[in-house]
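A.B. asks: Please read through the structure below; I'll follow up with questions.
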Amino acid sequence: MAERLVKPMPDRDTVAYWQALADGKLVVTHCHDCGHWTWPPRPICSGCHGDNLALDEVKGTGEVYSWIVVHRSTTPDMMQYVPYCLALVRLDEQADIYIPGRLISDKEVHRGMRVRVVPERITDHLGDLAWTTEDVPA
Amino acid sequence: MSGNGERFPRGQAAIVGIGCTEFSKDSGVSTFALATRAIRAAIADAGLEIGDIDGLCTYGTADSVSPNLLAQALGIQSLNYYVDQYLGGSVSMSVMGQATLAVSAGVADCVICYRAINGRSEIRKNGAGAGPARAPWDIQFKMPSGYMVPAQEMAMNARAHMLRYGTTSEDLGRIAVLSRTNALDNERAMMRKPITLDDYMASEWIAEPFHKLDCCLETDGAVAVVIVNAERARDLPHRPVLIQGAAWGGGISIANNGFDDLAESPARPIADRLFKSAGMSPQDIDFAEFYDCFTYPVLSQIEGYGFCKAGEVPGMLKDGAFDRATGTLPINTHGGLLSEGYIHGMNHVYEAVQQIRGDAAHRQVKKHDVALVTGQLGYVSGYSSATILRGA
């Protein structure tokens, strides 16, 4: 369990999302009426505006859409990694879901690079995520 | 039809006074003091009295003095209208639109729009000095990974634009050089040392693809403007600067489902409404002050507000289209947030008013009747805002 100074601030819409990451799973709000995925977790389906929703586990895989290399960080927990790659990843489940996270890889990053999620446990109830290339075993 | 901008009270309110403080790295005073100084200067410029003020509009991220404290200090017994909008540069021009609605509806007679900020000496936007913190709202999904400052978010979108249109670092560098060149003869500007494209390319990485010279300044200072109805404006000392149109609202961020390409300009969702509100098109704009917290948003706005097709800005930069003296669309004539100072966008209004009045001295552009002034693009908050100003 990693000590972290900057932590998510869960509310009633997001507490289960962070709990799932602490438990090693990436979950996304999923509409059981129309099938649309909504991220970040919200109390209404962005597809059909219904509320027959559940936080369902996703495959946790996707493609790098964009990335930056952070050379100057002001986040205390991240300074140790500088310079590090921060990637915006499109989930396989739905093309308009972009989830940012540190990309842990020695390979040269490019658009379309296949990646998978690396859940990180901060506390018993709070998790975070990073990404690594899909070929790295879980 | 309502909702598309056509019913905006076009040209019914006017900016009649402008005021500012010195722009510096350390004001040595509170944002309260800065705001009162800028307001006093603006009211004097308008030929009015403090007692005429009955509306106060501002915005910020809990880093400035609020309207109720100013009203008490200025002795305003009946504050008829106020806006204290939480958020950053994305709402910088929404307060202008809101003040116009208030004045044209007769809800208030004399509204001040102001922004006071100790952006270098007190609360910095880059998060420096942030100790243990917890990330609230949608920021909670970015901040833990260290994705927390606007430079990083804008750089991510700049990369998407590079991948789609072949935009290069040099293209962004030309915007940095243009801004600095325009600041050289601006007595308000914090940065008056020339830079070259080589200087830009050699400047250190902050969030690759952003160099240090892609990033705006951090500034202490304040700007205030006075807004009254257009009829009253005719009796005051300066050429009235009419608020011809304004739009504020939806933008694009990673948390807005439905956008499948973040290389799209977040100005696009408000651009049609903006020009409809003014009864104008991009061809009617003489010069523009684009919100330039970073270089890339300038490029994205030139596209998004319809001055060219996506991907055409780099060629236009090389051709000098945006140069102050000779370009077809002079931009950021004072040096912008990149080189004049970061008063969170309100300094763009100050400059546009000076230009429209013909008071911009060495910086004066030839055609100076109609200006586009914009707030930040939607990437960070999901909002954008902009106004079109016209000399009466």
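Throughout, read-outs are computed from the coordinates displayed, never taken from laboratory work. For clarity, every value in this text was computed on a predicted model and none was experimentally measured. Using ideal geometry, Cβ is built from the backbone for each residue, glycine included, and neighbour counts are taken over all protein chains shown.
A.B. asks: Sorting B:SER385, B:SER281 on the 10 Å Cβ count, fewest up front, what's the list? Please list the in-between numbers first.
C.D. replies: On the way: B:SER385 33, B:SER281 10.
In order of increasing Cβ crowding within 10 Å: B:SER281, B:SER385.
A.B. asks: Please list, in order along the stretch B:372-378, the HN-Hα scalar couplings obtained from phi with the Karplus expression 6.51 cos²θ - 1.76 cosθ + 1.60 (θ = phi - 60°), rounded to whole Hz, x for Gly and Pro.
C.D. replies: Calculated HN-Hα couplings, in order: 9, 10, 10, x, 5, 6, x Hz.
A.B. asks: Moving to a separate point now. Order of B:GLU351, B:GLU187, B:GLU22 from fewest to most other C-beta atoms within 10 Å? Write down the numbers at each step before the final one.
C.D. replies: Working: B:GLU351 27, B:GLU187 8, B:GLU22 14.
With the sparsest Cβ surroundings first, the list reads B:GLU187, B:GLU22, B:GLU351.
A.B. asks: Just the number, please: Stokes-Einstein D of the protein assembly as shown in µm²/s, Kirkwood Rh from C-alpha pairs, 4 °C, 1.567 mPa s.
C.D. replies: Working: Rh = 23.8 Å.
Here the translational diffusion coefficient equals 54 µm²/s.
A.B. asks: Trypsin sites (Lys or Arg not before Pro), restricted to the stretch B:6-41: which are DSSP loop and have at most 11 other Cβ atoms within 10 Å? Write out the running numbers ahead of the final one.
C.D. replies: On the way: sites: B:ARG7, B:ARG10, B:LYS25, B:ARG37, B:ARG40; in loops: B:ARG7, B:ARG10, B:LYS25.
Those satisfying the criteria are B:ARG7.
A.B. asks: Would you work out which of B:TYR305, B:HIS368, B:PHE259 lies farthest towards the positive end of the dipole of chain B, given +1 charges on the beta-carbon of Lys and Arg and -1 on that of Asp and Glu, about the Cα centre?
C.D. replies: Farthest towards the positive pole: B:HIS368.
A.B. asks: Apply the Debye scattering formula to the stretch B:240-308, with a single equal point scatterer on each alpha-carbon and no solvent, then give log10 I(q)/I(0) at q = 0.17 Å⁻¹.
C.D. replies: The computed values of log10 I(q)/I(0) come out as -0.67.
A.B. asks: Considering chain B as a Gaussian network with a 10 Å cut-off on Cα pairs, which listed residue, B:GLU49, B:GLU153, B:GLU312, attains the greatest mean-square fluctuation?
C.D. replies: Evaluated over chain B, the most mobile residue of the options is B:GLU49.
A.B. asks: Taking other Cβ within 10 Å of each residue's Cβ, how do B:THR61, B:THR219 sort, fewest first? Walk me through the numbers before you get to the answer.
C.D. replies: On the way: B:THR61 13, B:THR219 24.
Result, fewest neighbours first: B:THR61, B:THR219.
A.B. asks: Just the number, please: Stokes-Einstein D of the stretch B:54-107 in µm²/s, Kirkwood Rh from C-alpha pairs, 4 °C, 1.567 mPa s. Don't jump to the answer; show the numbers that get you there.
C.D. replies: Details: Rh = 11.6 Å.
It diffuses with D of about 112 µm²/s by this estimate.
A.B. asks: Taking H as built 1.01 Å from N, whose amide H comes closer than 5 Å to the amide H of B:TYR59, not counting residues under 5 places away?
C.D. replies: For B:TYR59, whose amide H was placed from the backbone, the distant partners under 5 Å are B:GLN85.
A.B. asks: Taking the 0 to 90 degree range and rounding to the nearest ten, how far is the long axis of helix B:268-278 tilted relative to the main principal axis of chain B, both from C-alpha atoms?
C.D. replies: 30 degrees
A.B. asks: Oh, and also: Taking H as built 1.01 Å from N, whose amide H comes closer than 5 Å to the amide H of A:SER66, not counting residues under 5 places away?
C.D. replies: A:LEU88
A.B. asks: Consider just the alpha-carbon atoms of the stretch A:62-138 and return their Rg together with their Dmax, both in angstrom.
C.D. replies: My reading of the Cα-based Rg and Dmax gives 12.5, 34 Å.
A.B. asks: Can you give me the C-alpha center-to-center distance between the stretch B:148-174 and the stretch A:69-123, rounded to a whole angstrom?
C.D. replies: Each part's Cα centre sits 17 Å from the other's.
A.B. asks: Here's a follow-up. Dimensions of chain B along principal axes (Cα, Å, largest first)?
C.D. replies: Reported extents, whole Å, longest axis first: 54, 49, 46.
A.B. asks: Put +1 on the Cβ of every Lys and Arg and -1 on every Asp and Glu Cβ in the stretch B:319-368; which of B:LEU337, B:GLY320, B:GLY358 then has its Cα farthest towards the positive end of the dipole?
C.D. replies: B:GLY358
A.B. asks: PRE reach from B:THR328 (point 7 Å along Cα→Cβ): which of the stretch B:350-377 fall under 13 Å by backbone N?
C.D. replies: Correct set: none at all.
A.B. asks: For the stretch B:333-343, take each phi angle, set θ = phi - 60°, evaluate the Karplus expression 6.51 cos²θ - 1.76 cosθ + 1.60, and give the result in whole Hz per residue in order, putting x for glycine and proline.
C.D. replies: Values per residue, Gly and Pro as x: 5, 9, x, x, 5, 5, 10, 7, x, 10, 9 Hz.
A.B. asks: Cα extents of the stretch B:167-262 along the three principal axes, largest first, in whole Å?
C.D. replies: If we take the Cα atoms of the stretch B:167-262, the spans are 52, 44, 24 Å.
A.B. asks: With label points built 7 Å along Cα→Cβ from the Cα atoms of B:ASP63 and B:VAL107, find their separation and express it in nm.
C.D. replies: Going from the B:ASP63 label point to the B:VAL107 one covers 2.8 nm.
A.B. asks: How large is the dipole of chain B about the Cα centre if only Lys and Arg carry +1 and Asp and Glu carry -1, each at its Cβ, rounded to the nearest 20 debye?
C.D. replies: Here chain B has a charge dipole of around 180 debye.
A.B. asks: Tell me the Rg and the Dmax, in Å, that the Cα atoms of chain A produce.
C.D. replies: Taking only Cα atoms of chain A, I get Rg and Dmax of 15.2, 44 Å.
A.B. asks: Also, quick follow-up: Give, rounded to the nearest 20 debye, the magnitude of the charge dipole that the stretch B:159-314 has about its Cα centre when Lys and Arg contribute +1 at Cβ and Asp and Glu contribute -1 at Cβ. Numbers along the way, then the final one.
C.D. replies: Details: 15 positive and 23 negative charges, 83 e Å.
That gives a dipole near 400 debye.
A.B. asks: What residue among B:SER24, B:ALA155, B:ILE195 has its Cα farthest toward the positive end of the dipole of chain B, where the charges are +1 on Lys, Arg and -1 on Asp, Glu, each on the Cβ?
C.D. replies: B:SER24
A.B. asks: When chain B is modelled as a GNM with alpha-carbon springs shorter than 10 Å, which of B:GLY336, B:GLY119, B:GLY250 fluctuates the most?
C.D. replies: Checking each option, the largest mean-square fluctuation is seen for B:GLY250.
A.B. asks: Can you run phi through the Karplus equation (6.51, -1.76, 1.60; θ = phi - 60°) for the stretch A:44-53 and list ³J(HN,Hα) in whole Hz, with x for Gly and Pro?
C.D. replies: 9, 6, 6, x, 10, 6, x, 9, 8, 10
A.B. asks: Quick one: of B:LYS25/B:LYS125; B:LYS309/B:LYS366; A:LYS25/B:LYS142; B:LYS25/B:LYS212, which pairs are farther than 20 Å apart, Cα to Cα? Kindly include the intermediate steps, with their values, before the conclusion.
C.D. replies: Details: B:LYS25/B:LYS125 14 Å; B:LYS309/B:LYS366 25 Å; A:LYS25/B:LYS142 18 Å; B:LYS25/B:LYS212 17 Å.
Going by Cα-Cα distance, B:LYS309/B:LYS366 fall outside the 20 Å limit.
A.B. asks: List the residues, sorted by chain then number, that are 5 or more residues from A:VAL118 or on another chain and whose placed amide H is less than 5 Å from its amide H.
C.D. replies: Amide H neighbours of A:VAL118: A:ALA130, A:TRP131, A:THR132.
A.B. asks: Something else about it: Just need log10 I(q)/I(0) for the stretch A:25-87 at q = 0.14, 0.20, 0.24, 0.25 Å⁻¹, Debye formula, equal scatterers on the alpha-carbon atoms, no solvent, rounded to two decimals.
C.D. replies: For the stretch A:25-87 at q = 0.14, 0.20, 0.24, 0.25 Å⁻¹, log10 I(q)/I(0) is -0.60, -0.79, -0.90, -0.93.
A.B. asks: Quickly estimate the mean residue ellipticity at 222 nm for the protein assembly as shown, helices only: each DSSP H run with n ≥ 4 gives -39500 (n - 2.57), and the total goes over all residues, rounded to 500.
C.D. replies: On the way: 13 runs with 127 residues, N = 530.
For the protein assembly as shown, the value works out to -7000 deg cm²/dmol.
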